[in-house]
Each structure stands twice: as structure tokens, then as C-alpha cells.
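A short worksheet on the structure shown next.
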Amino acid sequence: MFLVVGLGNPGPEYTNTRHNVGCSAIYMLARKIGINSTTARFRAIIGKGSIAEARVILAQPLTYMNNSGEAVKQIVDYYKISIDKIIIISDDMALPTGKIRIKEKGSAGGHNGLKSIFDYLGTQNIPRIRIGIDSPPAGCS
């Protein structure tokens, strides 16, 4: 079983913000492949289904981004998901908007959501998809 996690912040004030691109990606993926992601468990919204022949859990932590590791750890422990079957989708301000970078492992690169997950799982060897959101315009955060 695979676990695909989209990082973001909960609440309507964060919907469609740049930093929630990971959550948006999970939402779009769930719609595209017909997975109903409405079950709230493990401090996350999760949905279960299949992609090709692989069983998959799609998750959007309901913790704030910087505490994403709490939710991910609970899901991993409950479903006994191995580290090599986890994929994290997050935003990346160092990449131009819309550019995608896929990495098998490495540091959090200053991303506190990734850092939280690495801390809770005890490894940085987690595949991730980083979606560019560019640096904020001057005067914005």
C-alpha cells in the first residue's frame, strides 16, 4: 500500500493559497481517479482506493503544515506502511510557479512540513514531489 500526502494548512482561510498546493494536488488526484477523500482519521482527511493495480491512501493532514509529521506518523503506524511507499507533495518557493521537482531523498530544504515528517519518521529518505510556487511578491508573505 502506498501513502501519498499533500501538505498544506487546514481551514477555509488557507484554501487555494500558494502554500496549500500539496493539498490541492491531492484533491485533484482524488477527483481524477475517483477516490472519496472525506474520512477524517489520524488528524487527516484520508481516502483509499487504487491507482493502476496499487492500493493507495491519499491524505491531507489536518494539523498545520509545521506539524504534518504527527498525522503522517499515525497513518504510517496504523497501516504499517513502509517508508519507501510514502510520497509527499509539497510547495517549493525556490522553484518557479508550476515547475515540478521529484526527489527520492534529501533534506527538507527549509520546508517545515517536510522537516516535521522527517523528524517523526526518523528519516529523510522519503520520496517527494515539490511544486514550485515561486517567491512571494515584494511586501507579501
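Can you tell me which residue in segment 75-110 is farthest from the chain's Cα centre (by Cα), limited to those that are of a type in the set (Asp, Glu) and closer than 22 Å to Met1 by Cα?
The selected residue is Asp77.
In segment 15-29, how many residues are within 18 Å of Thr97 (Cα to Cα) and in a helix (DSSP H, G or I)?
10
Within segment 49-75, track down each residue that is surrounded by fewer than 18 Cβ atoms within 10 Å (Cβ to Cβ), outside any strand (DSSP E or B) and hydrophobic (A, V, I, L, M, F, W, C).
Residue satisfying the conditions is Ala52 alone.
Which ones in segment 76-96 are part of a strand (DSSP E or B) and either β-branched (Val, Ile, Thr) or surrounded by fewer than 17 Cβ atoms within 10 Å (Cβ to Cβ) (or both)?
Within segment 76-96, Ile86, Ile87, Ile88, Ile89 qualify.
Under 8 Å between Cβ atoms, at least 6 apart or on separate chains: pull out the pairs that start in segment 76-98 with a residue that is farther than 18 Å from Arg55 by Cβ and end on any residue that is aliphatic (A, V, I, L, M) and surrounded by fewer than 14 Cβ atoms within 10 Å (Cβ to Cβ).
No pair meets every condition.
Regarding Ile46, is this residue crowded, with 21+ Cβ neighbours inside 10 Å, over 13 Å from Ile131 (Cβ atoms) and not polar (S, T, N, Q)?
In short, yes.
Output the number of residues of segment 97-115 satisfying the condition of being among the hydrophobic types (A, V, I, L, M, F, W, C), over 12 Å from Ile131 (Cβ atoms) and not in a loop (DSSP other than H, G, I, E, B).
Summing the residues that are among the hydrophobic types (A, V, I, L, M, F, W, C), over 12 Å from Ile131 (Cβ atoms) and not in a loop (DSSP other than H, G, I, E, B) in segment 97-115 gives 1.
From the list Gly113, Gly122, Gly132, pick out the single residue that is under 20 Å from Phe2 (Cα atoms) and either at pLDDT below 90 or over 11 Å from the mean Cα position of the chain (by Cα) (or both).
Gly122
Looking at segment 9-33, which of the residues that are of a type outside the set (A, V, I, L, M) and touching an Asp or Glu at 6+ places or on another chain (Cβ under 8 Å) is surrounded by the fewest Cβ atoms within 10 Å (Cβ to Cβ)?
So the residue we want is Arg18.
The values are calculated or read from the model by the stated rules, or taken from the named source; none is laboratory data. Only a predicted model underlies this, so the values are computations on that prediction, with no experimental measurement involved. Cβ coordinates were reconstructed from backbone atoms using ideal geometry, including for glycine residues, and neighbour counts include every protein chain displayed.
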